[in-house]
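To keep things clear, I will list the structure first and then write my remarks on it.
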Amino acid sequence: MNDIARQQLSIQVESMDLLNGQIKMEAHASAAYLAMASWCEQNGFFTSAKFFFKQTEEEREHMMKIFNFLIDTGGSPISPEISGINHEFSSIKDVFESALQHEVKVTESIKNIVKKARASMDITTERFLDWFILEQVEEENTIRDILDMIELTGMEGVGKQMIDDSIEKWIEEA
Ligand code: MG
């Protein structure tokens, strides 16, 4: 993007670069959840797989929301390259713990962009990210609830089936 085009953005250049980083993060989350869906399918957690298939779609929607925001504000969204997707998990608990780690990182990243947007008086970007901040509260809360449930049921014997059966109610909420 040339200098004049960058000056005509309705958001700050720094925000645009940070939002491109966020696009990549959302795309990475989408790909990571697809790998988790695969693990769940292969290990007999079919409802959990459905949960992660839905999360995959949601993360792609998040990515596209930011992508389209950059288009609307005159920026240059970049289609991200994704690598390093983990397919190895030791248990269903490990899967959901990894998912929570992803969400916590995403939350921190979005808050960081909000802080920088605020510091540079980029109100457009700050307001745009309001929705994401609240969405992250829900995402983290859902996965924490699922991890609490896994603690209660345990992962041995009937616990394993109970975990998967219980995921159904979070598919709508997630
Ligand atoms: Mg997201």
On a 0 to 90 degree scale, rounded to 10, what angle separates helix 92-119 from the longest Cα axis of the chain?
-> 20
Between residue 151 and residue 127, what length comes free when the chain is fully extended (0.36 nm per residue of separation minus the Cα-Cα distance, one decimal in nm)?
-> 4.9 nm
To the nearest 10 square angstrom, what accessible area does residue 133 show with a 1.4 Å probe?
-> 50
Under 12 Å, Cβ to Cβ, from residue 108 - net charge with Lys/Arg +1 and Asp/Glu -1 = +1
About its Cα centre, the chain carries a charge dipole, from +1 on Lys and Arg Cβ atoms and -1 on Asp and Glu Cβ atoms, whose size in debye to the nearest 20 is 520
Asserting the computed 222 nm helical MRE of the chain (DSSP H runs at least 4 long, -39500 (n - 2.57) per run, divided by residue count, to nearest 500) equals -27500 deg cm²/dmol
Taking only the alpha carbons of the range 100-174, the radius of gyration and the largest Cα-Cα distance, Dmax, both in angstrom, are 16.8, 55
Which value, in Å² and to the nearest 10, is the accessible area of residue 65 when all protein chains are kept and the probe is 1.4 Å?
-> 90
Quick one: Cα centre-to-centre distance for the range 21-91 and the range 92-140, in angstrom?
-> 15
For the chain, the charge dipole (Cβ of Lys, Arg +1; Cβ of Asp, Glu -1; about the Cα centre) points to a positive end, and the Cα of 37, 12, 56 closest to that extreme belongs to 12
To the nearest 10 square angstrom, what accessible area does residue 148 show with a 1.4 Å probe?
-> 90
Between helix 158-173 and the chain: long-axis angle, C-alpha atoms, 0 to 90°, nearest 10 | 30
Do any of 105/169; 24/105; 50/160; 50/93 go past 22 Å between their Cα atoms, and which?
-> 105/169
Tell me, what does the Kirkwood hydrodynamic radius of the range 1-130 come to in angstroms if you use every pair of distinct C-alpha atoms?
-> 15.8
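The values are calculated or read from the model by the stated rules, or taken from the named source; none is laboratory data. Just so it is clear, the structure is predicted and the values come from calculations on it, not from any experiment. Counting neighbours? That spans all protein chains shown, and the Cβs are built from the backbone with ideal geometry, glycine included. In case anyone asks, the SASA skips ligands and DNA or RNA and just uses the protein heavy atoms, side chains included. Shrake-Rupley method; radii C 1.70, N 1.55, O 1.52, S 1.80 Å.
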